[in-house]
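Let me begin by presenting the structure, written as structure tokens, before commenting on it.
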Amino acid sequence: MTGDHRMEETATRLHSAAIRLLRMLRRQDEASGLSAPRLSALSVLVFAGPLSLAELASAEQVRPPTMSRLVESLVEAGLVTREVAPGDRRSVRIAATEEGRRLLEAGRQRRVQVLINRLEKLAESEGRALARGVDILERVLR
């Protein structure tokens with residue numbers, strides 16, 4: 001097997017495993033009570049900080065009217081706020097509330113616990129090998 005073929009096989013297997021992993025963990029998101037698009041938008045706001053509607057729509061790859069509806073539902077749920085930017089009353093920033101942050105963190109903890117439950121079944125040597133693999137993957141993603 002040539003190096004190019006081996007690299008392609010590794011990339012294909014990694015792609016498939018990443019998709020399966022995300023699908024498995026996504027099942028935990030149902031407990032949040034939010035749809036996947038709302039949860040995704042909230043996640044962007046928690047981790048990126050306050051954004052304009054246009055910035056949030058761009059980050060989520062949706063049109064502003066679609067994002068406006070998502071944001072309105074998050075505001076009604078008390079998970080985000082709209083804040084007028086100081087010095088520019090025309091500029092509105094959307095920010096996660098403390099409740100929104102807590103909801104997102106609880107979901108993260110549920111997903112991490114699912115992973116912990118799976119990882120605990122590995123042999124110690126496999127756990128060390130996986131930790132090295134995660135280090136490498138993080139380097140690839142930088």
> in contact (Cβ under 8 Å) with a residue 60 or more places away in the chain, aliphatic (A, V, I, L, M) and not in a helix (DSSP H, G or I): does that describe L34?
Replying inline: yes
> In region 47-59, is there at least one residue being in a strand (DSSP E or B), touching a Leu at 6+ places or on another chain (Cβ under 6 Å) and surrounded by 11 or more Cβ atoms within 10 Å (Cβ to Cβ)?
Replying inline: no
> Across region 94-130, what is the total count of residues that are among the small types (G, A, S), more than 28 Å from E30 (Cα to Cα) and in a helix (DSSP H, G or I)?
Replying inline: 3
> Can you name every residue in region 19-37 that is among the aliphatic types (A, V, I, L, M), loosely packed, with under 13 Cβ neighbours inside 10 Å and closer than 20 Å to E60 by Cα?
Replying inline: I19, L22, A36
> Which one of these is among the hydrophobic types (A, V, I, L, M, F, W, C), more than 30 Å from I136 (Cβ to Cβ) and out of contact with any helix residue (DSSP H, G or I) (no Cβ under 8 Å at 6 or more places or on another chain): V75, V71?
Replying inline: V75
>> Could you check region 106-136 and list, in sequence order, the residues that are in contact (Cβ under 8 Å) with a residue 24 or more places away in the chain and closer than 28 Å to L51 by Cβ?
In response: A106, G107, R110, R111
> Which residue pairs have Cβ atoms under 9 Å apart, sit 6 or more places apart or on different chains, and have a first residue in region 45-67 that is without any contact (Cβ under 8 Å) to a residue 60 or more places away in the chain and a second that is of a type in the set (D, E, K, R) and exposed (fewer than 13 other Cβ atoms within 10 Å of the Cβ)?
Replying inline: V46/E105; P50/E83; A57/R63
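Bear in mind these aren't lab numbers, they're just calculated from the coordinates by the rules spelled out. Values in this document were obtained by computation on a predicted structure and should not be read as measured data. All Cβ positions, glycine included, derive from the backbone under ideal geometry; neighbour counts span all protein chains shown.
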